[in-house]
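Only one structure is covered here, and it is reproduced in the block below.
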Amino acid sequence: MLTSFSKAFPNPLVPYNFLTMSQRRTTKASRNIPEHVKRAVRARDGDKCRNCGVVTEFLHYDHIFPHDLGGPTTADNIQRLCPTCNTSKGNKITCQHCRHWMSPDKSHCSQCGARLGVTKYSNTLAGRLESLFHRVGRAVVIGGFAAVLLLFLVGGFYIVRYFKGSASASDQATVINTIVNESFNVTPSQPVSFKVIIPDGAKNARVVGGFKVTSGTKVNFHVVSEGQMGQWSSSMTNTTSLTKREQTSSARLRQALQPGTYFLLFSSADSVSSLTVAAEFYSKYD
C-alpha cells in the first residue's frame, strides 16, 4: 500500500501536484476572462442572471458574441448567466436590441429583424458584400463594380487592337516577292545563294522569313550586298556581311534594306558534311 501511494505521490509531505493543478486552473480561467473584466461585469450585473433575472451566487461568465466567432473578451461582451441559461444559450449569439438568442448562421435577428454584427455569416463572401451594401449602399457598390469591369474591358480592347494593328502594319506591304520557299541541298563545295532586288524608290524595304536545317548538322547564313557577294565568289570566304548567322540549325530574319541587289547565302558549317535546308523568305516594300 505504501509503495502504491509513493508511486502516485513521490513526495507526500509536499502536495506540490495539487497546488500546481489548482494554479493551472486559475491561470487558465484568468487567461480567458481577466480578473479586472470579471470585476467590471460583477459590478454591472451583480448576482443576477442577465437573461432570466434569477439571483444566485452560481453564475457563469458568458460571451455575448461567442469567442470562437471573434467576440472579444471585454466587459461589453461578457455577461453573467445562471447555469440553466448558459447551458441553453450554448454557442448562440445574442441580439443587442431584444436580447433574443439565435443561430450564429443568421445575419438578422429572427425576432426583431435587427442586423447582427459578428456572425458566421458575416465572415462569408455574401456576408461581406451585404455589410458593404449596408455601409455604402447597393447602388454605389454595383455601379462601381460595373465601372471597373467596363474600364477593364475597354482598356483590354484598345491594348489588343493597338498591338494587333502594329503587328499588321509592320507585315503589310504594297509589293511582296517570294525569294525562296523550298528545300535545297548545301554541300561544302557548293554554297547556295538567292538573289534579292530592291528597286529604286522602294520604301520600307525588308527581307523577312526563316530557315531550318532538316538534314545534316549546321549551316552558315549571310545576307550580303552585290559587292560583298563578288568578294565571296572570288575567295569563297568573306567576313563582311549585312547579317550573319553562323553554326546554326535555324533562324528567323527581318532585315531592312536599301534599294539595290542582295544575296541570301547558305554555306556548310564544316568541310565534310552536306545538309538539307528548308527556307522561306520574302522581300517586301512600298
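Just a few scattered comments:
- Its relative contact order, with pairs defined as Cα atoms under 8 Å and 6+ residues apart, puts segment 175-285 at 53 percent.
- Theoretical FRET efficiency, 1/(1+(r/R0)^6), r = Cβ-Cβ of His67 and Asp47, R0 22 Å, to 0.05: 0.40
- Using Cβ point charges alone (K and R +1, D and E -1), the dipole size of segment 175-285 about the Cα centre works out to roughly 360 debye.
- Computed from the C-beta positions of Cys112 and Asn91 and an R0 of 25 Å, the FRET efficiency is 0.75 to the nearest 0.05.
- Computed lengthening from Ser273 to Ala147, 0.36 nm per intervening residue step minus Cα-Cα distance: 38.9 nm
- Modelled FRET efficiency - R0 35 Å, Val154 with Ala251, Cβ distances, 0.05 increments: 0.35
- Rg/Rg_globular for segment 175-285, with Rg_globular taken as 2.2 N^0.38 Å and Rg from C-alpha atoms: 1.02
- The Cβ shell under 15 Å around Phe263 holds other residues with a net charge of +2, Lys and Arg each +1, Asp and Glu each -1.
- For the pair His60 and Lys212, the difference between a 0.36 nm per residue extended length and the Cα-Cα distance amounts to 46.3 nm.
- Under 12 Å, Cβ to Cβ, from Asn86 - net charge with Lys/Arg +1 and Asp/Glu -1: +3
- With a cut-off of 12 Å between beta carbons, the residues surrounding Val55 carry a summed charge of 0, where Lys and Arg count +1 and Asp and Glu -1.
- Sequence of Asp62, Asp47, Asp200 once ranked by neighbouring C-beta atoms within 10 Å, starting from the fewest: Asp200, Asp47, Asp62
Values in this text are rule-based calculations from the coordinates and carry no lab data. Note that the coordinates shown come from a computational prediction; the quantities given were computed from them, not determined experimentally. As a convention, Cβ positions derive from the backbone with ideal geometry for all residues, glycine included, and neighbour counts pool all protein chains shown.
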